[in-house]
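Undergrad: Dumping the structure here so I can ask a few things about it.
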Amino acid sequence: MTRMIPAAVLSAMLAATALYGAPASAADLIRHATGKFPIASAIEVPPGYTTIYLSGMGAEISDKNAKPMTMAAYGDTETQVKSALGKIQASLAELHLTFADVVQMHIYMVADPKLGKLDFAGMMKSYTQFFGTTAQPNLPTRSAFQVAALANPGWLVEIEVTAVRK
């Protein structure tokens with residue numbers, strides 16, 4: 001299927017490229033993968049790129065009727081990862097970048113009190129909706145950490161990413 005880019009959108013993309021530089025080209029970055037797990041084991045970034053660090057982001061409130069700053073307000077791990085990645089995607093777009101430009105991700109997770117453990121499967125269910133898909137096959141390097149607590153007591157997840165721009 002061929003998609004046509006409207007002239008106004010193309011013009012805005014070209015203006016953004018002139019102002020911000022070109023997003024990372026998947027062809028320029030060398031992504032090494034080991035096995036079938038949906039992360040890169042290493043990424044080589046050639047000279048001529050700048051590095052953009054996005055601060056950690058947690059989920060948006062998913063249930064406005066729930067008590068603020070509680071897990072009920074933000075949802076389970078799967079819901080929170082999807083929300084946090086949506087916020088990161090929007091922040092990247094404001095910088096004229098996409099998930100294809102992300103080279104590193106750190107996911108800080110709290111054990112889900114309902115499960116009594118970390119919900120790694122729930123995190124992966126949302127993560128794989130954004131990375132390793134046909135639409136966005138570029139995988140970042142990634143580490144997932146279990147932490148005792150996050151700044152917002154309702155969050156189970158906080159995610160930070162590093163992106164590059166040519």
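Every number here is computed from the coordinates shown, using simple stated rules; none is lab data. Quick caveat: nothing in here was measured; it's all calculated off a predicted structure.
Undergrad: Please state the Cα pair-distance histogram of region 72-118 with 5 angstrom bins from zero: what percent is in each bin?
TA: Final binned percentages: 5, 16, 25, 21, 14, 10, 7, 2.
Undergrad: Roughly how far apart, in whole Å, are the Cα centres of region 41-87 and region 90-166?
TA: Their Cα centres are 6 Å away from one another.
Undergrad: For region 49-128, compute Rh as the Kirkwood radius over C-alpha pairs and then the Stokes-Einstein diffusion coefficient at 4 °C and 1.567 mPa s; write the answer in µm²/s, rounded to an integer.
TA: 94
Undergrad: Under a cut-off of 28 Å between alpha-carbon atoms, report the lysines in cross-link reach of LYS125, not counting same-chain residues fewer than 8 places apart.
TA: By straight Cα distance, LYS125 reaches LYS36, LYS64, LYS67, LYS82, LYS87, LYS114, LYS117.
Undergrad: If you don't mind, there's one more thing I want to ask. Antiparallel DSSP bridges in region 18-166: what percent, to the nearest 5?
TA: 75
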